[in-house]
Amino acid sequence: MKPVLAITNYGLDYVTSTGAVEVLHDVSLEIAPGEVLGLVGESGSGKSSLAWALMRHLPANAREVSGSLRLGDIDLQALGPRQLTEVRGRRIGMVFQDPSTALNPTLTIGRQITEALMRHRDLNARAAKDLAIELLSHVELRDPAAMLRRYPHEISGGEKQRVIIATAFGCRPDVILFDEPTTALDVITGARIIDLFARLRAETGVAALYISHDLAMMTRVADRVAVIRHGRVVEQARASEIFRRPRHDYTKSLIAAVPRPERRLVYDRPGEAAVLEARGIEVHYGTASLFRAAPPPATRAIDLDIRAGEILGLVGESGSGKSSMARALTGLARFSGAISFDGRTLRGAGDMNTAYRRDVQIVFQHPDSSLNPRHRIGEILSRPLKLYGGDVISVPRLLEQVRLPASYATRWPHQLSGGEKQRVAIARAFAARPRLVICDEITAPLDVSVQAQIVELLLALRAETGAAYLFITHDLNLIRQIAHRIVVMRHGQLVDSRAADAFRADDLHPYTRELMAASPAPVG
């Protein structure tokens, strides 16, 4: 059967001020009609660059050095701008990693869908609107007609991704490129998106290139899987075989890094005394006005204890209140209730003195937004040392403590990879010599091997310093590896709490069971 998409001996460089950087080398892949080819690899392996090359949306410094890209009988590299506008959407579609950046914030959802349908399906405005309502209903969005009138900021991340998927499938292309479409979503929403993709694929017979670093999820999506490393495809096989009997050492190392609940990484027992007690915490965003009542609290009367040296896992889907708890405990959000720490009772940010802010540190999900791009790494790490009585000569030691060279002190954040930036953020937290570190989804944006390295680093720092962790995540497989206890939140309420090794119990809350069912089964 003739492939719907053929990549043959393709090579791509990026030309920089220091010379050409090889991004893709001799890549050959084919996708048959109706087939889903999974492409897995670490960040920087060239996965997304290949997708952008297929969409003909490469940066100005890109240089194609070899090979061909063909969509059926179309030579994609030979298309001019006018021809490309006819091919994109109509013949080849794309679903992006972050739905928030894929939708225009100034246009309604309806305007964005109908414009695509009118252009690629040759429909008039009335027919396009009718089809848009049908498509949104088909992807299980409530009240599709009302959804058309909303703007992107008025809907959730999962709803945005459903809108993008509905638009892509609605244009009836030959092939759709999916670039990490569930990475920005919580586990339950991600599982629903995967189920939606499987249903739409079965109904339409569309072919797909599905890019991801989530190996466990790939077994539920792809017919075949190709593994890419440093721009080179190192292995290809059926999805049912590649993770069961990997041939290449790199594939084996990726599989070994996948979290497995049965492979516990923490065996000690934490202290009995609580380092922090939270009682009746309700987080409030916004206030009442003459014309509007105050919005409901993001968390509802949450009680939480964290013991000395303990790793407490806090899990739940997006909007459950996990990050709101982190913001309350660090004084970044207004709350009611009380926090007890070191014999002191705190009822708001005003009660959090320098000692508390030194002892309770936070590491955020996205180091790109938490590290000042105008400061070198050394400056970033010097600030907490100056604030909390440390010595700036300790910067090299802090870097070495998080397994980075001392020379990184002179670098800028943009010169570091995502995993390296997160190491710097961790080093900044530990510069204060804290007793409690709150980790808010810090492994979510990282590929599986870097995630494993960050977790190993955190466990080593805990062993060295005795710090406790509040580890917030939606990855139930990971938290069952490393936590002593796990608490589960849903809709702002705490619905389950138990020891990590008791998650096989029959008395789990129904929502906890739903989380477990949505978590991808480990591969291999």
Considering only residues of region 358-382 that are touching a residue at least 40 places away in the same chain (Cβ under 8 Å) and among the charged types (D, E, K, R), which is surrounded by the most Cβ atoms within 10 Å (Cβ to Cβ)? Asp359
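Yes/no matrix, rows are residues, columns are (1) out of contact with any helix residue (DSSP H, G or I) (no Cβ under 8 Å at 6 or more places or on another chain); (2) among the β-branched types (Val, Ile, Thr); (3) surrounded by 15 or more Cβ atoms within 10 Å (Cβ to Cβ); (4) not in a helix (DSSP H, G or I):
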| site | (1), (2), (3), (4) |
| --- | --- |
| Asp122 | yes, no, no, yes |
| Lys129 | no, no, yes, no |
| Ile133 | no, yes, yes, no |
| Leu185 | no, no, yes, yes |
| Arg199 | yes, no, no, no |
| Glu203 | yes, no, no, no |
| Ala222 | no, no, yes, yes |
| Ile228 | no, yes, yes, yes |
| Val233 | yes, yes, yes, yes |
Taking Phe341 and the conditions (1) touching a Gly at 6+ places or on another chain (Cβ under 9 Å); (2) in contact (Cβ under 8 Å) with a residue 40 or more places away in the chain; (3) of a type in the set (Phe, Trp, Tyr), which numbered condition does it fall short on, given that it satisfies the others? (1)
Yes or no: region 305-318 includes at least one residue that is closer than 23 Å to Val488 by Cα, crowded, with 19+ Cβ neighbours inside 10 Å, in contact (Cβ under 8 Å) with a residue 40 or more places away in the chain and polar (S, T, N, Q). no
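Here's a check for you: in region 1-18, which residue that is of a type in the set (S, T, N, Q) and under 20 Å from Gly72 (Cα atoms) is surrounded by the most Cβ atoms within 10 Å (Cβ to Cβ)?
Per the criteria, the residue is Thr8.
Conditions tested, residue by residue: (1) among the basic types (Lys, Arg); (2) not in a strand (DSSP E or B).
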site	(1), (2)
Lys2	yes, yes
Ala6	no, no
Tyr10	no, no
Leu29	no, no
Gly34	no, yes
Leu39	no, no
Ser45	no, yes
Ser66	no, no
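Here's the yes/no breakdown for (1) more than 24 Å from Gly378 (Cα to Cα); (2) of a type in the set (A, V, I, L, M); (3) modelled with pLDDT of 90 or more:
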residue	(1), (2), (3)
Ser417	no, no, no
Arg423	no, no, yes
Leu436	no, yes, yes
Leu461	no, yes, yes
Ala467	no, yes, yes
Met489	yes, yes, yes
Gly492	yes, no, yes
From the list Ser336, Ser407, Ser370, which residue is closer than 16 Å to Cys439 by Cβ and of a type in the set (S, T, N, Q)? Ser370
Output for Cβ contacts, cut-off 7 Å, separation at least six or different chains, first residue touching a residue at least 40 places away in the same chain (Cβ under 8 Å) in region 390-419, second surrounded by fewer than 16 Cβ atoms within 10 Å (Cβ to Cβ) and of a type outside the set (S, T, N, Q), reads Pro413/Pro373; His414/Pro373
Can you tell me which residues in region 81-112 are among the β-branched types (Val, Ile, Thr), part of a helix (DSSP H, G or I), crowded, with 17+ Cβ neighbours inside 10 Å and under 25 Å from the mean Cα position of the chain (by Cα)? Ile109
So Leu24 fits all but one of (1) within 23 Å of Asp447 (Cα to Cα); (2) assigned to a helix (DSSP H, G or I); (3) not small (Gly, Ala, Ser); what number is the exception? (2)
In region 390-409, how many are more than 10 Å from Ile377 (Cα to Cα), surrounded by 19 or more Cβ atoms within 10 Å (Cβ to Cβ) and β-branched (Val, Ile, Thr)? 1
Test: residue in region 233-247 that is β-branched (Val, Ile, Thr), over 24 Å from Ile92 (Cβ atoms) and free of Cβ contacts under 8 Å to residues at least 40 places away in the same chain: yes
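Regarding region 420-427, can at least one residue be identified that is in a loop (DSSP other than H, G, I, E, B) and either within 27 Å of Arg357 (Cβ to Cβ) or assigned by TED's automatic domain parsing to the domain that holds Ser320 (or both)? Before the answer, list the steps.
If we filter region 420-427 for residues that are in a loop (DSSP other than H, G, I, E, B), which is where we start, we get none.
Checking region 420-427: not a single residue is in a loop (DSSP other than H, G, I, E, B) and either within 27 Å of Arg357 (Cβ to Cβ) or assigned by TED's automatic domain parsing to the domain that holds Ser320 (or both).
Hey, can you tell me all the residues within region 156-174 that are outside any helix (DSSP H, G or I), surrounded by fewer than 24 Cβ atoms within 10 Å (Cβ to Cβ) and modelled with pLDDT of 85 or more?
Within region 156-174, the subset outside any helix (DSSP H, G or I) is 156, 171-174.
Then keep just the ones that are surrounded by fewer than 24 Cβ atoms within 10 Å (Cβ to Cβ); that gives 156, 171-172, 174.
If the condition is that a residue be outside any helix (DSSP H, G or I), surrounded by fewer than 24 Cβ atoms within 10 Å (Cβ to Cβ) and modelled with pLDDT of 85 or more, then Cys171, Arg172, Asp174 are the ones that fit.
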How many residues does region 213-229 hold that are farther than 14 Å from Ile176 by Cα and either acidic (Asp, Glu) or within 19 Å of the chain's Cα centre (by Cα) (or both)? 9
Of the residues that make up region 269-279, is at least one within 26 Å of the chain's Cα centre (by Cα), surrounded by 13 or more Cβ atoms within 10 Å (Cβ to Cβ) and under 15 Å from Gly337 (Cα atoms)? no
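The values are calculated or read from the model by the stated rules, or taken from the named source; none is laboratory data. The model shown is predicted, which means the values in this text are computed figures rather than measured ones. Using ideal geometry, Cβ is built from the backbone for each residue, glycine included, and neighbour counts are taken over all protein chains shown.
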